[in-house]
1. May I ask you to compute the full-extension gain from S121 to Q39, defined as 0.36 nm times their residue separation minus their alpha-carbon distance, rounded to one decimal in nm?
2. Which percentage, to the nearest 5, of the DSSP beta bridges contained in the chain is antiparallel?
3. Measuring from a point 7 Å past the Cα of R103 along Cα-to-C-beta, which residues in region 1-32 have an amide N at less than 18 Å?
4. Before anything else, pin down the relative contact order of region 3-47: Cα pairs under 8 Å, at least 6 apart, normalised by residue count, whole percent.
5. Starting with the highest mean, order 87-97, 36-46 by the number of other Cβ atoms within 10 Å, averaged over the residues of each peptide.
6. Express the relative contact order of region 63-121 as a whole percentage, based on alpha carbon pairs under 8 Å and six or more residues apart in sequence.
7. How large is the charge dipole for the chain, taken about the Cα centre, if only the Cβ atoms of Lys, Arg (+1) and Asp, Glu (-1) carry charge, to the nearest 20 debye?
8. Report in % the part of the accessible area of the chain that belongs to carbon and sulfur, leaving out ligands and nucleic acids; probe 1.4 Å.
Amino acid sequence: QVQLVESGGGLVQPGGSLRLSCAASGTIFRINAMGWYRQAPGKQRELVASITSGGSTNYADSVKGRFTISRDNAKNTVYLQMNSLKPEDTAVYYCNADIRPTRWDYATPYWGQGIQVTVSS
């Protein structure tokens, strides 16, 4: 059974920083792309940033220059460094990863449980 567990969320003032982590555990043969999504109240879930197994990254326009995604393949962990946070970054952040549990499985998307990030003074 594969699990994704997020950590690092919380309350921060505008202009502050937070670092989110997401660790994958369980039966894992290979992890392809990993990413972070977010969902604010009353809005659809949106992609924040993604990273391939080779390290290529992609960002939403709203976070370019402020957020940085990275991963540690040895630890099956993806990170999201969030700087210059704004109130509009307030949302539940979800970790996502395309994982092959065994060599005989196709890659399947897995989700974390979500973690709250609140930017407020």
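1. Length gained between S121 and Q39: 27.5 nm.
2. Rounded to the nearest five, the antiparallel share is 95 percent.
3. Within reach of a label on R103, which here means backbone N under 18 Å from a point 7 Å along Cα→Cβ, region 1-32 contributes 27-32.
4. RCO, region 3-47: 30 percent.
5. Ranked by mean Cβ neighbours within 10 Å, highest first: 87-97, 36-46.
6. 29
7. I would put it at about 140 debye.
8. For the chain, the apolar C and S fraction of the accessible surface comes to 47 percent.
The values are calculated or read from the model by the stated rules, or taken from the named source; none is laboratory data. What you are looking at is a predicted structure, and each value in this text was computed from that prediction instead of being measured. A quick note on method: Cβ atoms are made from the backbone with ideal geometry, for glycine too, and the neighbour counts reach across all protein chains shown. Note: areas computed on protein heavy atoms with side chains; ligands, DNA, RNA excluded. Shrake-Rupley method; radii C 1.70, N 1.55, O 1.52, S 1.80 Å.
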